[in-house]
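See below for the structure under consideration.
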Amino acid sequence: MDIRNMGSRLELFLDHYLIAEQRGTRLVLQTPQLQPPCDAPPDPGHYATVILDGDIYRMWHRGLDPQEPAVAADYYCYEESRDGIHWVKPDLGLYEVGAPAESGALAHSGHNNVVLAGMGDFGHNLSPFLDGKPGTPPEERFKALAGSSKTGLHPFVSRDGLHWTKRDGPVITHDGFAFDSQNVAFWSALENCYVCYYRTWKQRLRAIRRATSDDFVHWSAGQDTGANLPGEHLYTSVTHPYFRAPHLYIALPTRLMEQRGCSTDILLMSSRGGPRFDRTFTEAFIRPGLDPHEWTNRANYAAENVVPTGPGEMSIYVRGRRYALRTDGFIALNGPFAGGEMLTHPLTFDGRELVLNYATSASGALRVELQDAEGHALPGYALDDCPALVGNEIERVVAWHGGSDLSALAGKPVRLRFALQDADLFSLRFV
């Protein structure tokens, strides 16, 4: 019997991992909502990374030439925010970059927010991450890879994300043209190693490869992820562990349409580790909007990392724009007004209560039944024993007429049967 071990992990409907049977329900891709500009939006630089570090949102992105704003310059900038909405550009005084002094803004005065400059190909695509590997020295709290097809990818380390040191390299090389956009790495608690997703070419298509490392110095040979559809260019991947469920990797690749003026949209993919992505949906996750600029050459790149920006909200940053989603709200298991059901594979769990993230209409409802591994309703936990869940909640404990305590069932194979009427289910976990 194929039994899924959930433990106490949060599970989202990014794929069909939990789903054994569906009757009338379907998975529905959600639509990130463009938010109004704030009084100090982040600069629309290429290849951005956003990290929530304690109570500070940190953003790094490639700079723009002040004399030609449409042209990227080979230096990296830093901004920060207390809420993920209003951003400031600190005067770091680390580098003198930009135009002659008489031209204004980024003059050769050193008064700017630049954290890396004057390094040629290494100023092209720095993408920092907070190293979660146990025992990481404080002076290497931040890490990144950067480079080009000419140099290969070299490791960078930093104590504060502002002062960077380049270590000896290259540590990842490729026998063809590669690395010419954002190459992202992170420590994977799931796989107990560092993982890097980098840009390459496959049969004249921009594609994504993956390498792994135990020490951030010695890396495996790259593996093809097989993410491309026929004829499809995937420009970046910005793959990262989801902040509420790090065993799930979220990827927001840019799909480039060369035959349409190099216009771009953003996709949603996911992974549970290993070299392959799951593409539950091939449709665009974020489309170009009403602004004609969003339909121009390479106008849409998602920043690395989806981050929380409110009790029930998370945000995605796209070239200076912010899009908001419900927490866990990438894909919903949806039941129509006529009703529908979903039955999980047999699973085991740790904990004593089942917590759901769901939303119903005013006339809708959601109920849950617990079954044994063979599909028989457990006494006291049938659908009729579950009062209807109605409303819109990020974390709601499910209770049956006998209460919510499931501790007697922990570690035993069970199935969950969901009945949804005009309702969406986004995630579940046992606590």
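A few points about this structure:
- 3J(HN,Hα) from dihedral phi, segment 332-340, Karplus parametrisation 6.51/-1.76/1.60, rounded to Hz, x for glycine, proline: 10, 7, 10, x, x, 4, 6, x, x
- Reachable lysines, given that their alpha-carbon falls under 26 Å from the alpha-carbon of K202 and they are not under 8 places away in the same chain: K150
- Computed over the chain: relative contact order in percent, which uses C-alpha pairs under 8 Å that are six or more apart: 17 percent
- The overall shape of segment 119-224, judged from the alpha-carbon gyration tensor, is oblate: a/c is not under 1.5, and a/b is no greater than b/c.
- Simple point charges give the picture: +1 on the Cβ of Lys and Arg, -1 on the Cβ of Asp and Glu, and for segment 33-327 a dipole about the Cα centre of about 920 debye.
- Counting only residues at least eight positions apart within a chain, or on another chain, the lysines with an alpha carbon under 17 Å from that of K143 are K133, K166.
- Per-peptide average of other Cβ atoms within 10 Å, ordering 47-55, 121-129 highest first: 121-129, 47-55
- Descending by average beta-carbon neighbour count within 10 Å, the peptides 200-209, 396-405, 419-428 line up as 419-428, 200-209, 396-405, the highest first.
- Prolate/oblate/rounded call for segment 244-352, Cα gyration tensor, a/c under 1.5 rounded: prolate
- Set against the labelled values (i) 21.6; (ii) 23.1; (iii) 31.6, Kirkwood radius over Cα pairs in Å computed from this structure falls on (ii).
- Packing, as the average of other Cβ atoms within 10 Å across residues, places the peptides 19-30, 341-352 in the order 341-352, 19-30, highest first.
Each value in this text was obtained by applying a stated rule to the coordinates, not by laboratory testing. Computed from a predicted structure; not experimentally measured. Cβ sites come from the backbone with ideal geometry, for glycine too, and all protein chains shown count toward neighbours.
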